[in-house]
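The values are calculated or read from the model by the stated rules, or taken from the named source; none is laboratory data. Not measured: the values here are computed from a predicted model. All Cβ positions, even for glycine, are placed from backbone atoms using ideal geometry, and neighbour counts span all protein chains on display. What goes into the accessible areas is simple: the full protein's heavy atoms, side chains included, and nothing from ligands, DNA or RNA. Shrake-Rupley method; radii C 1.70, N 1.55, O 1.52, S 1.80 Å.
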Amino acid sequence: MEAMTFVLFGATGDLAKRKIYPALYNLYLDGKLPEAFSVIGLGRREIADEKFRGNVEQSLRQFSRRSPAEGEDLTPFLSSFRYHPLDVSHPDDYRKLLGAIETRERELGLPDNRLFYLSVAPEFFDAIAVQIQESGLGSTRGWKRLIIEKPFGHDLQTARELNDNLNRAFEEDEIYRIDHYLGKTMVQNLETLVLANPVIQAVWNKEHISNVQITASETVGVEERAAYYDQAGAIRDMFQNHLLQVLMMTAMRRPSQITAGNIREEKRKIIEALRPVSKNTVQENIVRGQYAAGELGGKPVVGYANEPGIFPGSNNDTFVAARLWIDHPDWAGVPFYLRTGKRMAAKSTRIVVEFKNPTEDLYAAKNEKTAPNLLIIEINPNEKISFLFNGKSSRTEGESRIEPVEMNFWVDQSVLPEAYERLIFDALNGDATFFAHWHEVELAWQWVQPVLEAFEADLLPLHPYAAGSNGPDASDKLLQEQGHEWWLDP
Ligand code: BG6
């Protein structure tokens, strides 16, 4: 990996503490950072370098999956860190920053490869991108890259405006848009599971698959993010990005070669082929809900409307379920069901692929039934692939009967890098496979836009669901219309 400077906007923020510093530290432990590198942390406040390094150390002790031992000397790692105060709206501050970066580049003999990481509130994205361009920070002889976190816009139009501004300073292939779901082990594993296994590849189509269910349920509520979440809702917070990305990764067809470009091209074909909904057909295919008071883990919890900071009478969605069709010859007639919600019965991110079951009546004469084969990909909190098939029970007493049996592959979580480790490592190496390309982001907004408009115009009911449940009944009905049901709900 080439030596570089890691310029972190938002160095005192929560994401930096919880994810970015621990990720850098773990990469360092694994020998995955270049020999020489410089980290310049930026924030509004004046902080002395020593204090900043102390804060970074603190975050490693608190959040790193491999915590430094008591008394361990972290100097070799922390000596790369410097802090620089910066007001994002002051052009002068960027010029001073350029000076500070160049000084460190000279001290360490670094080439001017620069990675800019925007770990700041989205309202600052545009200003920072423009200033990177105007201050000369982005004029390097080496490479320059930008890592940016969602939200990429609030709707289709603002996403396009943001992208235009980013493009003033960065080419598309220099922009690494993080969707942390793409950093998850099992989401990355999808590609291997489907493409590297001829047996699975052979059945990955409408001939054999009845329907696909993608669930991202959470037990947490809105927490301390009321101001953001009440404006975003589940549709922007989870659906437009994470769920549609998982859908693309699940449904993409076989590329000619595994390269970042080919994978992104195949993903793009899927999102392009999503049958659009219009403001008027949203009602048939989308369910929106909001959690009401209920019980979780034996404790009563308040409804969304009574959470601190929520606008009184808010009709924000905390749950969305959708039925999507992919107008691609390989997927014709296969519904993809997606749902996500806060304050649901369990934290579970999973994909369930239900296969067609032409053998259902085969055993009628014996008064037995077969269950459909299911391939279950658990993404979070377990990381596991299971296959459910029919087998004869091995009971010794009585008649042996057909019953579903399960084959499991568990990933050893104790040795796994976190999503942020993988993604930062990839960005440092210039591998964009697991980052969201602008085409995907734009097409995802394009698909979601009529839904946003229908929500805004209150064209569909806002179903209350009890906290601790599996969401509103309407979400079950959505599947029943095709004779399906959500699998594996607690
Ligand atoms: C984030 C959302 O992108 O993903 C949060 O903003 C959500 O609201 C989180 O809780 C879920 O991520 P994970 O990795 O816990 O499934």
Legend entry - Candidates L423, L452, L459 - the one that is open to solvent by less than 20 Å² (accessible area, probe 1.4 Å) and away from the ligand (no atom under 16 Å from the Cβ): L452
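In this structure, does E123 turn out to be surrounded by fewer than 22 Cβ atoms within 10 Å (Cβ to Cβ), within 23 Å of the chain's Cα centre (by Cα) and among the charged types (D, E, K, R)?
Numbers: surrounded by fewer than 22 Cβ atoms within 10 Å (Cβ to Cβ): yes; within 23 Å of the chain's Cα centre (by Cα): yes; among the charged types (D, E, K, R): yes.
When the stated conditions are applied, E123 passes them.
Can you name the helices (runs of 4 or more DSSP H) wholly within the range 227-329 that have at least 3 residues being open to solvent by 10 Å² or more (accessible area, probe 1.4 Å) and more than 25 Å from L459 (Cβ to Cβ)? Before the answer, list the steps.
Numbers: elements: 244-251, 260-272, 282-285.
Passing ranges, in order: 260-272.
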Legend entry - Residues of the range 60-106 that turn out to be part of a helix (DSSP H, G or I) and either touching a residue at least 12 places away in the same chain (Cβ under 8 Å) or open to solvent by less than 20 Å² (accessible area, probe 1.4 Å) (or both), as a count: 15
Inset, instruction - Please enumerate the residues belonging to the range 197-225 that are of a type outside the set (A, V, I, L, M, F, W, C), near the ligand (Cβ under 10 Å from one of its atoms) and not in a loop (DSSP other than H, G, I, E, B). - result: S217
Legend entry - Matching entry among R53, R82, R65 (being of a type in the set (K, R) and in contact with a Lys or Arg (Cβ under 7 Å, 6 or more places away or on another chain)): R82
Legend entry - Close pairs from the range 177-192: first open to solvent by 10 Å² or more (accessible area, probe 1.4 Å), partner more than 13 Å from the ligand (Cβ to nearest atom) and assigned to a strand (DSSP E or B), Cβ under 9 Å, at least 6 apart: N189/I377; N189/I385
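Kindly indicate which of E134, E171, E223, E149 is open to solvent by 10 Å² or more (accessible area, probe 1.4 Å), more than 22 Å from V287 (Cα to Cα) and out of contact with any helix residue (DSSP H, G or I) (no Cβ under 9 Å at 6 or more places or on another chain). Show your work before the answer.
Values: E134 fails: out of contact with any helix residue (DSSP H, G or I) (no Cβ under 9 Å at 6 or more places or on another chain); E223 fails: out of contact with any helix residue (DSSP H, G or I) (no Cβ under 9 Å at 6 or more places or on another chain); E149 fails: out of contact with any helix residue (DSSP H, G or I) (no Cβ under 9 Å at 6 or more places or on another chain).
Result: E171 is the single residue among E134, E171, E223, E149 that is open to solvent by 10 Å² or more (accessible area, probe 1.4 Å), more than 22 Å from V287 (Cα to Cα) and out of contact with any helix residue (DSSP H, G or I) (no Cβ under 9 Å at 6 or more places or on another chain).
Considering only residues that are among the β-branched types (V, I, T) and modelled with pLDDT under 95, look in the range 339-390 and name the one that is nearest to the ligand (Cβ to nearest atom). Walk me through it before giving the result.
In the first step, residues of the range 339-390 are kept if they are among the β-branched types (V, I, T); the result is 340, 349, 351-353, 359, 370, 376-377, 379, 385.
Now restrict to residues that are modelled with pLDDT under 95: 359, 370.
Numbers: T359: 36, T370: 34 Å.
Per the criteria, the residue is T370.
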Inset, instruction - Working only within the range 226-238, note down all residues that are within 11 Å of the ligand (Cβ to nearest atom) and closer than 16 Å to V287 by Cβ. - result: G233, A234, M238
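Looking only at the range 111-120, count how many residues are of a type in the set (A, V, I, L, M) and either open to solvent by 20 Å² or more (accessible area, probe 1.4 Å) or within 13 Å of L162 (Cβ to Cβ) (or both).
In the first step, residues of the range 111-120 are kept if they are of a type in the set (A, V, I, L, M); the result is 115, 118, 120.
This time we only want the ones that are either open to solvent by 20 Å² or more (accessible area, probe 1.4 Å) or within 13 Å of L162 (Cβ to Cβ) (or both), so: 118, 120.
Qualifying residue count, the range 111-120: 2.
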Inset, instruction - Test D179 against the stated conditions and say whether it is within 16 Å of the ligand (Cβ to nearest atom) and modelled with pLDDT of 95 or more. - result: yes
Inset, instruction - For residues that are under 22 Å from K184 (Cα atoms) and open to solvent by 60 Å² or more (accessible area, probe 1.4 Å), tally how many sit in the range 345-386. - result: 2
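Could you tell me whether any residue of the range 312-321 is assigned by the TED database to the domain that holds G391, modelled with pLDDT under 95 and over 24 Å from Q480 (Cβ atoms)? Working first, answer last.
Of all residues in the range 312-321, those assigned by the TED database to the domain that holds G391 come to 312-321.
From the residues that got through so far, the ones that are modelled with pLDDT under 95 too are 312-313.
Filter once more, so that each one left must be over 24 Å from Q480 (Cβ atoms): 312-313.
So far as the range 312-321 goes, yes, one or more of its residues are assigned by the TED database to the domain that holds G391, modelled with pLDDT under 95 and over 24 Å from Q480 (Cβ atoms).
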Legend entry - Residue identified as within 27 Å of W204 (Cβ to Cβ), at pLDDT 95 or above and of a type in the set (G, A, S) among A305, A260, A273, A293: A273
Inset, instruction - Could you grab the pairs with beta carbons closer than 7 Å, sequence gap of 6+ or different chains, first residue in the range 308-320 and over 26 Å from L338 (Cα atoms) and touching a residue at least 60 places away in the same chain (Cβ under 8 Å), second one exposed (fewer than 13 other Cβ atoms within 10 Å of the Cβ) and not charged (D, E, K, R)? - result: G309/A227
